[in-house]
Amino acid sequence: MDEQFSDRLAKALVSIRRQIDFEPQIALVTGTGLAGLLSDIKVEAKIAYKDIDGFPVSTAPSHKGELIFGEIAGTKVIAQNGRFHCYEGWSGDDIVLPVYVMAQLGATNYVVTNAAGALNEHYRVGEIMLIEDHINFLGIHPLKGPNDDNLGPRFPDMSRAYNPQLIAKAKTVAQSLKLTIQNGIYAAVHGPEFETSAERRFLRSAGGDAVGMSTVPEVIAANHAGMQVLGFSAITNQATGGKDQQPDTLEEVLENADIAASGIRKIILQLIMNGDFDEPKQA
Ligand code: HPA
């Protein structure tokens, strides 16, 4: 992190607190084509990124730039509608700033969704993958540089980066809803180009089940900040890099993200209704 990061974070928090008094329990981040997940929120307020000091403004397709404050089934939620990607040219600090903002407002749970290609030949487009773990091929590490001990430890443990209890609960919920879900490893690459077939075969042999261009910096920061993480990938395209590899299009990604989104939405809603997430931080 840049030495100025703490100042930047403090300023962002001041400008939010000037506009709203709100302590979320859950922070929710929606990926490409997955903004429909936000329709379950009973909105109390929205703040555009441009009205938050120091916040970047996202440019990715289907990503709006606003924080949403509201409730799902009586639970206070803050949602980041529009995230920041390395491929847009943002720095690690830019990408993780919203994560620390949401943590400092009180969120103890970080629920992240993304669109991803299937490296695993058994996955089908439109399916959901619960993220069990990740591999960082982004070439960026958001905690690089001086560590602010007030935000988190110098060497955060990542052995349970995606909370095993939440994963188990999500699996039970998916079963009860009769939803098929996969369970696998998310490999993050920089983009913006889709991978070559050779790269995809490499990522598969390295242990990846799905590939995408986001999530990993935020999940590192969320762990650093002490939040428990639950992650979902919407499987939007086949990405095995085999002989039958089809060309990739954004249209296909968006269309299939929409199909998976309805299941992800049901699972998150049910987990909230079950009271499966951690309590908010005591002020
Ligand atoms: N690769 C990288 N990112 C993606 C993909 C993919 O195949 N599909 C959706 N996001």
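Going through the range 34-52 one residue at a time, which ones are outside any strand (DSSP E or B) and exposed (fewer than 14 other Cβ atoms within 10 Å of the Cβ)?
Ser39, Lys50 - these are the residues of the range 34-52 that are outside any strand (DSSP E or B) and exposed (fewer than 14 other Cβ atoms within 10 Å of the Cβ).
Could you tell me whether the range 149-167 includes any residue that is within 15 Å of the ligand (Cβ to nearest atom) and either modelled with pLDDT of 95 or more or of a type in the set (Val, Ile, Thr) (or both)?
No, there is no match, as no residue in the range 149-167 is within 15 Å of the ligand (Cβ to nearest atom) and either modelled with pLDDT of 95 or more or of a type in the set (Val, Ile, Thr) (or both).
Yes or no: the range 144-152 includes at least one residue that is in contact (Cβ under 8 Å) with a residue 40 or more places away in the chain and either in a strand (DSSP E or B) or among the hydroxyl-bearing types (Ser, Thr, Tyr) (or both).
Among the residues of the range 144-152, not one is in contact (Cβ under 8 Å) with a residue 40 or more places away in the chain and either in a strand (DSSP E or B) or among the hydroxyl-bearing types (Ser, Thr, Tyr) (or both), which makes the answer no.
If I filter the range 65-118 down to residues being within 16 Å of the ligand (Cβ to nearest atom) and polar (S, T, N, Q), which single residue comes out as farthest from Glu23 (Cα to Cα)?
Asn114
If I go through the range 67-87 residue by residue, how many of them are without any contact (Cβ under 8 Å) to a residue 40 or more places away in the chain and surrounded by fewer than 18 Cβ atoms within 10 Å (Cβ to Cβ)?
The number of residues fulfilling the criteria is 2.
I'm told Gly106 meets every condition in (1) at pLDDT below 95; (2) touching a strand residue (DSSP E or B) at 6+ places or on another chain (Cβ under 9 Å) except one. Can you identify the failing condition by its number?
Of everything listed in (1) at pLDDT below 95; (2) touching a strand residue (DSSP E or B) at 6+ places or on another chain (Cβ under 9 Å), Gly106 misses just condition (1).
Would you point out which residue out of Glu193, Glu199, Glu121 is out of contact with any helix residue (DSSP H, G or I) (no Cβ under 9 Å at 6 or more places or on another chain) and within 16 Å of the ligand (Cβ to nearest atom)?
That would be Glu199, the only listed residue that is out of contact with any helix residue (DSSP H, G or I) (no Cβ under 9 Å at 6 or more places or on another chain) and within 16 Å of the ligand (Cβ to nearest atom).
Quick check on the range 15-33: of everything there that is in contact with an Asp or Glu (Cβ under 8 Å, 6 or more places away or on another chain) and closer than 19 Å to Gly263 by Cα, which residue is surrounded by the fewest Cβ atoms within 10 Å (Cβ to Cβ)?
Checked the range 15-33; the qualifying residue surrounded by the fewest Cβ atoms within 10 Å (Cβ to Cβ) is Gly33.
The values are calculated or read from the model by the stated rules, or taken from the named source; none is laboratory data. Everything numeric in this text was worked out from a predicted model, so none of it was measured. Neighbour counts are summed over all protein chains in view; Cβ atoms, including those assigned to glycine, are modelled from backbone coordinates with ideal geometry.
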